[in-house]
1. Hey, any idea what the orientation-averaged projected area of the convex hull of chain A's Cα atoms comes to, in nm²?
2. For a Förster distance of 22 Å, can you work out the FRET efficiency between the beta-carbons of A:R93 and A:A43, rounded to the nearest 0.05?
3. What are the DSSP H helices in chain B that stretch 20 Å or more along their long axis, judged by alpha-carbon atoms, and whose average Kyte-Doolittle hydropathy comes to at least 0.0?
4. Taking the inverse of the average 1/r across all pairs of different Cα atoms in chain B, what Kirkwood radius in Å do you get?
5. Which values of log₁₀ I(q)/I(0), to two decimal places, follow from the Debye formula for segment B:87-173 at q = 0.17, 0.18, 0.19 Å⁻¹ with a uniform point scatterer at every Cα?
6. Estimate the FRET efficiency between A:V165 and B:A98 by the formula 1/(1 + (r/R0)^6), using the beta-carbon distance for r and 45 Å for R0, to the nearest 0.05.
7. Using just the Cα positions, wrap segment B:21-89 in a convex hull and report its mean projected area in square nanometres, one decimal place.
8. I'd like the Karplus ³J(HN,Hα) series for segment A:2-7: coefficients 6.51, -1.76, 1.60, θ = phi - 60°, whole numbers in Hz, and an x wherever there's a Gly or Pro.
Amino acid sequence: MREREDEWTGLMRSAMAGDGAAYHRLLKAITPVLRAASRRGLARAGQPPDQAEDIVQDILLAVHLKRHTWDANAPFAPWLFAIARNKLIDALRRRGRRVFVNIDDFAETLPEEPKPETASAAEVTAQLNTLPARQREVLQSIAVESASIKDTARKFSMSEGAVRVALHRALASLTAKLREQ
Amino acid sequence: MDTDQLIRTLAADNSYRPRPVGFVLALMLLAAAPVSLLMFFSMLGVRPDVMSAMHNPFFDLKFAVTLALAAAGIAASLHLSRPEVSLAGFGWLFVIPAGLLAAGIAGEAMMPQRLPMMTRLVGSNSRICMTAIPLMSLPLLAASIIGLRHGAPTRPTLAGAVAGLMSAGLAATFYASHCTDDSPLFVMTWYTLATALVTAIGALAGARFLRF
């Protein structure tokens, strides 16, 4: 438990220092925890657990876009759980329930259950089509075709800087659209 | 899009470095301050006897109170822009302006007065005070809400209210140089009412705009 959270903090520090691989590992490591907590929150609110992946993706986007509010001298887990809890409450409220989410939902050790390695979610996918064409193409190239920034730049004859800007704008506007719905 | 794909995309965007919230907030406030100052100089202006007023400790006390409120508001706003925190430990900052004001009231009560207490409390500028402080704080409040949207406040209503306190503190600092009512009793009554109004507006704006 402690060890796991110390590892997260270390990975996040490296990520903030520019280590993209550490960031990738961190996001992979926190996702099962977020998924289990989202399922539990949905179950407690009497909602089907198949919407958990929407909430997981919502949390991941918020973690990404708000990571500058994390204080690198503080442990990462309390920050993460505060973001996750906020997003979970928001998601359940949008589904028409007033519920109380226990912070321990995230911190508890989880019973082992067969979990999918990854899962698709409807909400982000639906919003993809509302993005400007160039942003969508860049996002799909990197997300779906797992092309690098460099390859994507070559494919669309853009500079790498322009690809980075388009990618970031796409993520930011996806998040804004998810919030508005 | 499946979650692994999303994670890969987020990792690819790791090179993007958002600015710290404090930087964005400072930038927004610097942009809004001229608007409030323009309102101040076009409608009110500094009182004509300001040079002699500066020798009156109760005139100076007004600035200590309003600046302490603004500073507490800025510190607490930045603190609340982090998701995992509570106001605990930062709420006491607001005791400083209140304490300064209370000390001023006590100090004034011990001095011989030419005017009765109620006359000093009611003053002659209460209506201007109640109008000017909220009006001049609106640009600052709007700017601070925009700046704080860059943060991740998990208590948006509270964060908005604190932004309101900060904006009112700054606007009241401008206003204090115009107002000829220097009694701490006047400040306690009318400045506080004006500040409460701005705080309420801030809380509403926060609930609406500071969710993330």
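The values are calculated or read from the model by the stated rules, or taken from the named source; none is laboratory data. As the structure is a computational prediction, the values presented were derived from the model and not from experiment. Quick reminder, even Gly has a Cβ in these numbers, built from the backbone with ideal geometry, and neighbours come from all protein chains shown. Surface areas here come from the heavy atoms of the whole protein model, side chains and all, with no ligands, DNA or RNA. Shrake-Rupley method; radii C 1.70, N 1.55, O 1.52, S 1.80 Å.
1. On the way: hull surface 43.0 nm².
If I average the Cα hull's projected area over directions, I get 10.7 nm².
2. 0.85
3. Working: long enough: B:21-43 (33 Å, 2.31); B:57-80 (34 Å, 1.44); B:95-109 (21 Å, 1.57); B:126-148 (31 Å, 1.63); B:156-176 (29 Å, 1.27); B:192-209 (25 Å, 1.46).
TM-like helix candidates: B:21-43, B:57-80, B:95-109, B:126-148, B:156-176, B:192-209.
4. Values: mean 1/r = 0.0544 Å⁻¹.
When all Cα pairs of chain B are included, the Kirkwood radius is 18.4 Å.
5. At q = 0.17, 0.18, 0.19 Å⁻¹ the computed log10 ratios are -0.90, -0.96, -1.01.
6. 0.45
7. Details: hull surface 26.0 nm².
Result: 6.5 nm².
8. Computed from phi, the couplings for segment A:2-7 are 4, 4, 4, 6, 5, 5 Hz.
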